[in-house]
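This report refers to the structure that appears directly beneath it.
The values are calculated or read from the model by the stated rules, or taken from the named source; none is laboratory data. Source: prediction; values computed, not measured. Cβ placement follows ideal geometry from the backbone for every residue including glycine, while neighbour counts extend to all protein chains displayed. The area values use the complete protein model at the heavy-atom level, side chains included, leaving out ligands, DNA and RNA. Shrake-Rupley method; radii C 1.70, N 1.55, O 1.52, S 1.80 Å.
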Amino acid sequence: MASPINGSISFLVYAFLVSFSLTLCSPNKGFALAGGETLNYHMVKISSLMPSSVCSPSTKDQSKRGSLKVVHRHGPCSHLNQDQASAPTMTQILSHDQSRVASIHRRLGWKKAQNRTQGLRATLPANPIHRFDKFYVTVGLGTPKKDLSLVFDTASSLSWTQCEPCTKCYNQKEPIFNPSASESYRNITCDAPQCSQLTSATGVSTDCSTATCAYGIQDGGDIEGDSSSVGFLGYEKLTITPSDVFPNFIFGCGRNNQNPFYAADGLIGLSRDPLSAVSQTASKYGNYFYCLPTPISTGTLTFGEGGTNSKNIKFTPSPVNPKAPSFYFVDLIGIKVGGSRLPVSESVFKTPGTIIDTGTVITRLPSVAYAALRTSFLEATKGSGFRSGYFSFLDTCYDYTMYDVVKIPKISFLFGGNIEVPINEVGILYFHDWKTVCLAFAENSNASDVSILGSLHQETLDVVYDIEGEQIGFGTGGCS
């Protein structure tokens, strides 16, 4: 016969287990559970994926030589974030993201541009600049210096800003740049060698209907309302910091500009092209690195050899592709989900290649690799609110109205050189609402399409571009 004490203990243990079980399963207080080692999983608060109105700026020193603060355009740390009603919706962001990816794939399909600029009126082919102005920095232009907030983009070459007098300009926070009010502005003529470099930089050849070199650039598909800039090429003084000044910086002075969603003043191009800001400042800096922040924080864009916040930067090859010399290719060879490498051949990634891009939000993968990732992720999150159907082009979505915290597998990229780069936990899922939280990856439509490592999966990493060494380095904890 059991003693009363033992019986009481048994009852208390039973009651505790029942109570613990009910706590896990109760609405809005539960966990999405799955098997596997805790070491290979994240416990993610769904609220951490939601937009926030509170800025948590980085404590990282941003005063070093050649260093600029990076801010998410529509986050609470942005001084441009004045009108939330005008901010793009999640659906619009994904639609624009898909349009940008299509434009990159067309350009990397080695197709030549068919259209040409006609003064300030142009019908332009799709060429990647930025569809959604996610991150920007503030630099100075002109004499006297005027501060401008420019989106920075690793897949764009020509830097540009809106200029007076405007044929057509969108609303921006700062005053529009007026070249006639600057002592250091000079037009670039049509016979200058810099003008002939525009075709490789923008994908659009130039008709010189006037003596001044005209440019045109557009991002996205053939959709009315896409972002674009048409104007004249000029020299101007660029001020990155008070001690980092470049007197003959080549940029586009846009007279006819449109973008349906942003108040940033233009773009700074960071590609490998000779007209990019990277190439124009190479004699002083050579390399550069950045850390993209989460929407509620701040990051850093630093030109030169200054130290990063990450202690251990590991490099992977980034050779120049002769067919697309302005893009940064990285040697992606595999992916891990929950600590296990996906059963996908390295050739699946290597054959089309992979570029890194700050302007694309969602990472794109070959269909074979994406299918393996999706299967593994679904298995690891079995029973945690999966629902059928799509949100835009995202096809692995969950209804988390019954959960505050979810358990999801860790995901990391594997690069050549024995490099493993973990993805920040808040970058694995894409939040639309509590009923629609999706795996933040997508598949390419064709096996020949290049893979794209998007900005969402670069956030909080230090990403170092060693231009001369033809390699790119990654380090964790870069923005903290």
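Things to note:
- Scanning the range 392-417 for residues that are open to solvent by 20 Å² or more (accessible area, probe 1.4 Å) and either among the small types (Gly, Ala, Ser) or farther than 22 Å from GLY475 by Cβ (or both) yields SER392, PHE393, ASP395, ASP399, THR401, MET402, TYR403, ASP404, VAL405, LYS407, GLY417.
- Among the numbered conditions (1) more than 21 Å from the chain's Cα centre (by Cα); (2) open to solvent by 20 Å² or more (accessible area, probe 1.4 Å), the only one that VAL344 does not meet is (2).
- Subset of the range 424-441 (residues that are open to solvent by 10 Å² or more (accessible area, probe 1.4 Å) and not hydroxyl-bearing (Ser, Thr, Tyr)): ASN424, GLU425, VAL426, PHE431, HIS432, ASP433, TRP434, LYS435
- Every test in (1) open to solvent by 10 Å² or more (accessible area, probe 1.4 Å); (2) under 18 Å from THR460 (Cβ atoms); (3) modelled with pLDDT of 90 or more; (4) not acidic (Asp, Glu) is passed by TYR290 save one, and that test is (1).
- Counted residues, the range 145-166 - those being over 15 Å from GLY252 (Cα atoms), at pLDDT below 95 and open to solvent by 10 Å² or more (accessible area, probe 1.4 Å): 0
- Residues that are surrounded by fewer than 17 Cβ atoms within 10 Å (Cβ to Cβ), part of a loop (DSSP other than H, G, I, E, B) and modelled with pLDDT under 80 do not occur anywhere in the range 193-203.
- The set of residues in the range 242-285 that are part of a strand (DSSP E or B) and at pLDDT below 90 contains only GLN258.
- Residue among GLU379, GLU420 that alone is open to solvent by 40 Å² or more (accessible area, probe 1.4 Å), assigned to a strand (DSSP E or B) and not basic (Lys, Arg): GLU420
- Selection within the range 33-50 - out of contact with any Gly (no Cβ under 6 Å at 6 or more places or on another chain) and at pLDDT below 75: LEU33, ALA34, GLY35, GLU37, THR38
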